[in-house]
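The values are calculated or read from the model by the stated rules, or taken from the named source; none is laboratory data. In this text, all values refer to a predicted model and were calculated from it rather than measured experimentally. With ideal geometry, Cβ positions are generated from the backbone for all residues, glycine too; neighbour counts draw on all protein chains shown.
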Amino acid sequence: MAEASFDTELNARGGAPEPIAGSPVFAWPPRPVAAAKFLFGYPGYFVPMNVLYMGLAVISWFWLTPDLATMKSFHWDWIAIVYGRNLALTFLVFGGLHWRFYIKNAQGERYMLNRKAPTVSHRRFLFGNQVRENMFWTAGSAVAIWSAYEVVTLWAFANGYIPMLDWEAHPVYFVLLFCAIPMIRDAHFYFVHRLLHYRWLYRNVHQLHHKNVDIGPWSGMSMHPVEHILYFSGILVHWVLMSHPIHAIFHVQATGLTPAMGHVGYHRWEGKDGDARSIGQRYYHYLHHRYFECNYGGDGTVPLDKWFGTWHDGTPESHEIMRSRRKQAHGS
Ligand SMILES: [Zn+2]
Ligand SMILES: [Zn+2]
């Protein structure tokens, strides 16, 4: 990628994305006011996305999950309920975003990060088409593996193989664990993702995800089944950390659904009133798809990319740092 095109291409589409600020939560020296704003502001760590996912987990637990007594032994009828619920959520979220941005074309190319829409017909994709391949890996592998983890975890809770947290006895811990799960997810994603960039795993597994250079919502979960197994493995933390099934459902649902927004391919969301709200963190992962060796983390709440020197905030300066790091690593 020629250096000159780094900025100019993005500038040409209704304004360049703002540099990514990163999370002040783990800053040193501490920045308590900035951290509080990051956590409790709008848009912030909790509102809207994590609160929505928390609400969804509660609804799923009370109304869209069989009761514990039923889940004591494996039966296709209740497993089908879990799988069907996850598949429906996937089509709603991934399909909804794809429809808004790339079928209805709600904002055309305004604030688009992609060089072209992620609906490419090309031989390198299954069925000769990017969206079809993306949907195939999402519905066929991602939702199946996500549901398998969830089913086995619920079954283990039902049988008492995993100790179950009593929320009435420990309400503060219950809420705190809820609040910490997005950060646990962030850290887990960073390490799994870095692992996937090691030679053999990249070539045989993760490359499938990186076939998507221009990305759309459906690209988010378009991964090799081995990557799905690693990616969803974060739910296993609830096998050792005292939890309630709602925690596990929240964890795995957010893991399954956030990639839709993370791969949307735009950096601003245009409202009806014409204002364009920044969805800047999408830019963060977009840069990973475009330049590979940066931004392995999630949305940057736990700034592991900063700590490990793989941070790219979307400025020419940080692009230059990444290029020299790359030169050093590859010896040219
Ligand atoms: Zn990657
Ligand atoms: Zn990606």
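Within the range 266-279, the set of residues being within 16 Å of ligand 2 (Cβ to nearest atom) and outside any loop (DSSP other than H, G, I, E, B) comprises 266 only. Scanning the range 79-131 for residues that are of a type in the set (S, T, N, Q), without any contact (Cβ under 8 Å) to a residue 60 or more places away in the chain and in a loop (DSSP other than H, G, I, E, B) turns up just one, 105. When residues in the range 280-301 are screened for being free of Cβ contacts under 8 Å to residues at least 40 places away in the same chain and part of a loop (DSSP other than H, G, I, E, B), 2 of them pass. For residue 150, the conditions (1) charged (D, E, K, R); (2) surrounded by 15 or more Cβ atoms within 10 Å (Cβ to Cβ); (3) farther than 25 Å from residue 50 by Cα are fulfilled apart from (3).
Taking the range 188-246 as the region of interest, the helices (runs of 4 or more DSSP H) fully inside it that hold 2 or more residues being crowded, with 20+ Cβ neighbours inside 10 Å and within 15 Å of ligand 1 (Cβ to nearest atom) are 225-231.
Residues checked against (1) in contact with a strand residue (DSSP E or B) (Cβ under 6 Å, 6 or more places away or on another chain); (2) surrounded by fewer than 20 Cβ atoms within 10 Å (Cβ to Cβ); (3) closer than 29 Å to residue 177 by Cα:
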site	(1), (2), (3)
251	no, no, yes
264	no, no, yes
272	no, yes, no
303	no, yes, yes
326	no, yes, no
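The residue list 146, 78, 155 contains one member that is within 20 Å of the chain's Cα centre (by Cα) and at pLDDT 95 or above, which is 146.
Taking each residue of the range 161-174 that is within 18 Å of residue 237 (Cα to Cα) and without any contact (Cβ under 8 Å) to a residue 24 or more places away in the chain and looking for partners that are surrounded by 12 or more Cβ atoms within 10 Å (Cβ to Cβ) and of a type in the set (Phe, Trp, Tyr) with beta-carbon atoms closer than 6 Å, six or more apart or interchain, yields nothing. Scanning the range 166-177 for residues that are at pLDDT 95 or above and either within 16 Å of ligand 1 (Cβ to nearest atom) or in contact with a helix residue (DSSP H, G or I) (Cβ under 6 Å, 6 or more places away or on another chain) (or both) yields a single hit, 177. Inspect all residues belonging to the range 302-317 and state whether any of them is over 28 Å from residue 27 (Cβ atoms) and in a helix (DSSP H, G or I). Taking every residue of the range 302-317 in turn, none turns out to be over 28 Å from residue 27 (Cβ atoms) and in a helix (DSSP H, G or I).
Here is the figure for the range 113-134: residues that are out of contact with any Asp or Glu (no Cβ under 6 Å at 6 or more places or on another chain), farther than 13 Å from residue 223 by Cβ and crowded, with 21+ Cβ neighbours inside 10 Å total 3. Taken together, the criteria place residue 218 among residues that are of a type in the set (Phe, Trp, Tyr), touching a residue at least 60 places away in the same chain (Cβ under 8 Å) and farther than 16 Å from residue 232 by Cβ. Tell me, yes or no, whether the range 17-30 has at least one residue that is in a helix (DSSP H, G or I) and surrounded by 12 or more Cβ atoms within 10 Å (Cβ to Cβ). No: the range 17-30 contains no residue that is in a helix (DSSP H, G or I) and surrounded by 12 or more Cβ atoms within 10 Å (Cβ to Cβ). Tell me which residues, restricted to the range 90-106, are buried (at least 18 other Cβ atoms within 10 Å of the Cβ) and more than 25 Å from residue 291 (Cα to Cα). Correct list: 90, 93.
Within the range 300-312, does at least one residue satisfy the condition of being within 15 Å of ligand 1 (Cβ to nearest atom), out of contact with any His (no Cβ under 9 Å at 6 or more places or on another chain), of a type in the set (A, V, I, L, M) and more than 21 Å from residue 114 (Cα to Cα)? Yes - at least one qualifying residue is present in the range 300-312. From 21, 69, grab the single residue that is within 21 Å of the chain's Cα centre (by Cα) and in contact (Cβ under 8 Å) with a residue 40 or more places away in the chain. The conditions single out 21.
Might you check whether a residue that is surrounded by fewer than 18 Cβ atoms within 10 Å (Cβ to Cβ), out of contact with any Gly (no Cβ under 6 Å at 6 or more places or on another chain), modelled with pLDDT of 85 or more and among the hydroxyl-bearing types (Ser, Thr, Tyr) occurs anywhere in the range 289-301? The answer is yes, given that some residue of the range 289-301 is surrounded by fewer than 18 Cβ atoms within 10 Å (Cβ to Cβ), out of contact with any Gly (no Cβ under 6 Å at 6 or more places or on another chain), modelled with pLDDT of 85 or more and among the hydroxyl-bearing types (Ser, Thr, Tyr).
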